[in-house]
Amino acid sequence: MKNFNIIIAGVGGQGLITLVKIITEAAFIEGCDVKSSELHGLSQRGGSVIVHIRFGKKIYSPLVKTGGADLIIGLEELEGLRAHVFAGPQTKFLVNKYFSPFIGTLPEEKIMENLNKIAKNNLYLVEASKICKEKLQNEVVSSLYLLGFCVNEKLIPLSGGSIFEAIKKTMPEKFVDLNIKAFELSKNI
Amino acid sequence: MAKKVLLGNEAIVRGALEAGVSFVTGYPGCPSAEIGEEFLRIAKKEGIYAEWATNEKVALESAIGASFSGLKSLINMKSFGINVCSDSLLPLAYTGVKAPMVIVVADDPSCHSSAQSEQDSRGYAFLSHIPVLEPADVQECYEFTKLGFEISEKFNIPVILRTTTRVNHQRAIVEFNEIASSQAPRNDGNFVKNPHQFCTMPPRVLEMKKELLEKMEKIKQFAEKSKINKIENSLKIGNSKLGIITSGVSYLYVKEALGELGLNLPILKLGFFYPLPDKTVLKFIKGQKKVLVVEELNGYIENGIKIIAKDANLKTEILGKNVLPEIGELNTEKIILALLKVLKLKIGKLENSLKIESLCCNSAELSENLKLEIPRRFPKLCEGCPHLYTLAAIKRAAPENTVFGGDIGCYMIAGYPPHNMQDYVFSMGSSMGISHGIVKATSPAFAKASAGKQKVISLIGDATFFHAGIQGLINMVYNKSNSLVVILDNRITAMTGHQPNPGMGKNGMGETVEELKIEDIVRACGVKHIKVLDPINVKELEETVKDFLTKDEVSVIISKRICALLERRQPKSESLQVVE
Ligand SMILES: Cc1ncc(C[n+]2csc(CCOP(=O)(O)OP(=O)(O)O)c2C)c(N)n1
Ligand code: SF4
């Protein structure tokens with residue numbers, strides 16, 4: 001199997017670290033070598049956060065190269081666009097249709113226009129935040145919804161079963177149910 | 001043997017447990033904080049003593065006490081922590097340790113979560129003569145921690161484990177052992193008097209220096225034999241165009257870059273940063289035309305190797321910082337570009353040129369295609385953050401040209417728009433010292449507030465006040481300043497992930513302790529004008545600021561309201577839930 005490279009981009013507080021924990025664990029369960037890199041601290045207070053995950057036969061660097069991502073998951077629209085430096089011609093973009101504006105941001109239409117320009121047919125826009133808020137009264141688990149989407153649409157070479165197991169292994173018990181619900185929600189929509 | 005996905009910081013904890021650590025202390029910071037948090041979480045269960053100290057100097061000193069009493073200790077801190085504890089670190093190298101000690105110092109190349117400076121803490125090796133190990137990945141975090149305790153035990157010297165953000169916050173699979181019952185934590189320390197070894201007084205102190213230097217020679221010999229300095233592709237030495245010497249996380253990028261370019265070059269991977277294993281290095285560079293040293297930040301290893309090459313009269317060309325940046329972290333791309341330059345390779349001539357081309361050019365092209373600059377998203381204070389109220393009220397109350405002294409914490413965001421209320425920021429506790437200098441330099445009639453051209457307001461958090469702020473305040477009172485200090489007491493050490501501090505009535509282990517009242521400390525420092533208030537009472541805060549700015553003596557406002565994120569969140573759960 002070719003090494004698989006994922007970039008997850010979002011805003012501090014959107015549950016990026018949870019996603020890293022689950023994906024690295026699932027890759028481990030499937031017998032892959034795996035490395036990831038995450039950031040904590042100042043960048044977390046509502047700033048841009050990018051995390052890297054790589055798995056495959058043998059992984060050295062924890063960082064995805066510029067142009068080297070197979071999959072970019074944008075938990076927020078502008079942050080998804082910002083991660084485009086990691087995109088090559090084949091990169092799939094999965095972007096949460098959620099916009100967190102700030103003073104001086106690009107207008108949403110402009111972000112969308114550029115995302116379309118870069119990702120072309122490889123852009124998947126999903127209303128994860130909206131759906132999770134409606135169905136589960138919780139927006140933070142939208143990252144799990146997106147992960148479910150990746151598995152269903154085969155954007156990520158990991159099985160639902162391994163991710164299921166990884167959620168149970170990595171999450172505190174009281175959050176497991178909610179996260180599994182969010183993960184499975186994308187199947188039914 | 002078991003296997004698990006661990007965070008670098010968790011692997012350090014695991015290694016220390018297997019080594020039999022009994023006493024853990026430190027001070028929170030990014031990217032090391034999860035080490036202390038994890039120890040505090042498991043301390044009771046494992047029978048370990050663990051704490052957050054008031055600052056890194058106190059932490060190191062406590063560990064020295066524990067070590068002199070016979071317990072294995074670990075201290076964890078971020079890069080700047082070593083500056084704070086250096087005053088005791090240097091004599092510690094002289095006395096040595098009685099029980100093994102590992103000091104984890106976590107640097108942050110690229111300053112992902114650091115203000116202040118892009119510090120390369122490895123430099124302290126030269127100042128202190130303390131061995132420094134540099135792990136590259138999570139497996140090495142685990143192994144080098146254990147090895148650190150072994151080296152410390154063998155040579156009675158503390159060992160520094162120097163990590164970086166991409167190592168501390170790397171997740172990967174780790175293979176680890178059982179914890180042997182012989183390494184169970186102990187709490188039966190016993191201080192046996194030995195002033196000959198524990199007091200660094202003249203004339204003994206110079207004798208101790210001599211002992212230290214002799215010890216270093218022995219450690220150097222140990223390093224020569226150590227497996228953590230390893231040569232790969234040794235058969236290629238002498239008949240390849242280039243050899244590579246690397247350390248820490250850079251090793252991973254080197255492996256990746258060579259794989260990408262389809263090159264098979266000899267590599268010397270140094271696990272020991274200090275002492276440098278001269279003979280191993282010499283063996284590696286001898287007969288090579290060119291050697292590229294790949295290390296992040298300062299070219300310390302490169303300089304060491306140049307000296308070795310010169311002393312041995314070698315013609316080997318040593319390259320490093322002339323083709324690799326000294327600023328910012330390295331990555332695979334930067335190393336590929338350096339290799340292409342050194343080997344004078346054209347991208348197009350390479351076998352898998354298409355891939356490389358896309359690697360080096362694509363992103364740039366894409367951005368170029370977009371003709372778009374993506375605006376920076378500045379970190380911001382959380383919704384409902386008490387600092388928001390405090391900053392807004394002060395801004396309204398203070399005259400136009402007021403100087404705002406910044407300090408280290410969430411309130412540093414005051415420096416970003418839309419606040420723009422930070423005229424300088426340096427290091428923990430520094431706001432008041434610098435304010436004092438400004439007041440003295442700008443008020444000819446010194447003591448009279450009315451005579452000052454500019455008002456100076458220091459903004460400092462509760463944790464930072466306890467860490468290194470108190471001395472600055474005493475100095476202001478002692479030397480008759482008239483400046484205003486606002487202590488933003490959000491009841492926690494927020495920025496580094498919500499660790500407790502002495503103002504909370506709870507310690508790191510969650511025990512109920514005496515709650516230190518900042519106002520009592522401030523009063524004891526001799527401050528006469530003190531007001532404690534809730535910043536949500538904006539009018540009261542504004543009025544107090546206006547009033548205190550007219551005082552001829554130091555005044556202090558304690559703006560006290562719980563961190564909004566802390567209030568919203570339940571207590572930290574059982575797993576290593578790193579704050580996002
Ligand atoms: C010497 C040193 N140790 C640790 C740190 C990491 N650090 C950054 S901010 C901070 C404390 C923040 O607490 P506080 O002053 O209470 O402000 P808050 O974030 O709670 O607003 C620490 C410990 C540092 N910058 N320097
Ligand atoms: S973590 Fe607390 S102190 Fe820091 S910005 Fe958020 S609410 Fe404010």
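Quick one: which strands (runs of 3 or more DSSP E) sit completely within the range B:399-518 and have at least 1 residues that are within 16 Å of ligand 2 (Cβ to nearest atom)? The qualifying strands (runs of 3 or more DSSP E) are B:456-461, B:484-489.
Could you please let me know if B:L261 is touching a helix residue (DSSP H, G or I) at 6+ places or on another chain (Cβ under 9 Å) and free of Cβ contacts under 8 Å to residues at least 60 places away in the same chain?
Considered against the rule, which asks whether it is touching a helix residue (DSSP H, G or I) at 6+ places or on another chain (Cβ under 9 Å) and free of Cβ contacts under 8 Å to residues at least 60 places away in the same chain, B:L261 comes out as no.
Can you say whether A:L78 is in contact with a helix residue (DSSP H, G or I) (Cβ under 6 Å, 6 or more places away or on another chain), surrounded by 20 or more Cβ atoms within 10 Å (Cβ to Cβ) and more than 28 Å from A:R45 (Cα to Cα), as far as the supplied structure shows? So A:L78 fails the test.
Beta carbons closer than 7 Å, at least 6 apart along the sequence or on distinct chains, pair a first residue in the range B:300-314 that is in a helix (DSSP H, G or I) with a second that is of a type in the set (S, T, Y) for B:I301/B:S247; B:A309/B:T316.
Selection of helices (runs of 4 or more DSSP H) fully inside the range B:5-71 by the criterion of at least 3 residues being within 12 Å of ligand 1 (Cβ to nearest atom) and under 22 Å from B:N501 (Cβ atoms) returns B:56-68.
Going by what's in this entry, would B:K98 be described as without any contact (Cβ under 8 Å) to a residue 24 or more places away in the chain, away from ligand 2 (no atom under 16 Å from the Cβ) and surrounded by fewer than 24 Cβ atoms within 10 Å (Cβ to Cβ)? So B:K98 does not fit the description; no. Among the residues of the range B:154-181, those that are in contact with a strand residue (DSSP E or B) (Cβ under 7 Å, 6 or more places away or on another chain), under 30 Å from A:I53 (Cα atoms) and not β-branched (V, I, T) comprise B:L161, B:R162, B:R166, B:N168, B:H169, B:Q170, B:R171, B:A172, B:E175, B:F176. For B:T165, the conditions (1) closer than 20 Å to B:L92 by Cβ; (2) within 14 Å of chain A (Cβ to nearest Cβ); (3) not basic (K, R) all hold with the exception of (1). Restricted to the range A:75-120, and to residues that are acidic (D, E) and more than 8 Å from chain B (Cβ to nearest Cβ), which residue is nearest to A:V11 (Cα to Cα)? Per the stated criteria, the residue is A:E76.
Filter the range B:76-122 down to residues that are away from chain A (no Cβ under 14 Å) and over 12 Å from the mean Cα position of the chain (by Cα), then give me how many there are. The number of residues fulfilling the criteria is 17. The criterion of at least 2 residues that are in the same structural domain as B:I267 (by TED's automatic domain parsing) and modelled with pLDDT under 85 is met, among helices (runs of 4 or more DSSP H) falling completely within the range B:324-375, by B:353-357, B:363-370.
None of B:K480, B:K517, B:K506 is on the phi > 0 side of the Ramachandran plot and either of a type in the set (D, E, K, R) or more than 15 Å from ligand 1 (Cβ to nearest atom) (or both) except B:K480.
Scanning the range A:45-74 for residues that are polar (S, T, N, Q) and either closer than 18 Å to B:L7 by Cα or more than 10 Å from chain B (Cβ to nearest Cβ) (or both) yields one hit, A:S61.
For the range B:131-246, please list each of the helices (runs of 4 or more DSSP H) lying entirely inside it that holds at least 3 residues being in contact with a Pro (Cβ under 9 Å, 6 or more places away or on another chain), in contact (Cβ under 8 Å) with a residue 12 or more places away in the chain and among the acidic types (D, E).
Values: elements: B:138-155, B:165-168, B:195-198, B:204-225.
Hits in the range B:131-246: B:138-155.
One residue stands out among those in the range B:245-285 that are more than 10 Å from chain A (Cβ to nearest Cβ) and aromatic (F, W, Y): the one that is surrounded by the fewest Cβ atoms within 10 Å (Cβ to Cβ), which is B:F273. Could you tell me whether any residue of the range B:463-472 is surrounded by fewer than 20 Cβ atoms within 10 Å (Cβ to Cβ) and away from ligand 1 (no atom under 16 Å from the Cβ)? Scanning the range B:463-472, I find no residue that is surrounded by fewer than 20 Cβ atoms within 10 Å (Cβ to Cβ) and away from ligand 1 (no atom under 16 Å from the Cβ), so the answer is no.
Of the residues screened, B:G29 is one that is over 30 Å from A:C32 (Cβ atoms), within 14 Å of chain A (Cβ to nearest Cβ) and modelled with pLDDT of 95 or more.
The values are calculated or read from the model by the stated rules, or taken from the named source; none is laboratory data. Keep in mind that this is a model prediction, so the values were computed, not measured. Neighbour counts are summed over all protein chains in view; Cβ atoms, including those assigned to glycine, are modelled from backbone coordinates with ideal geometry.
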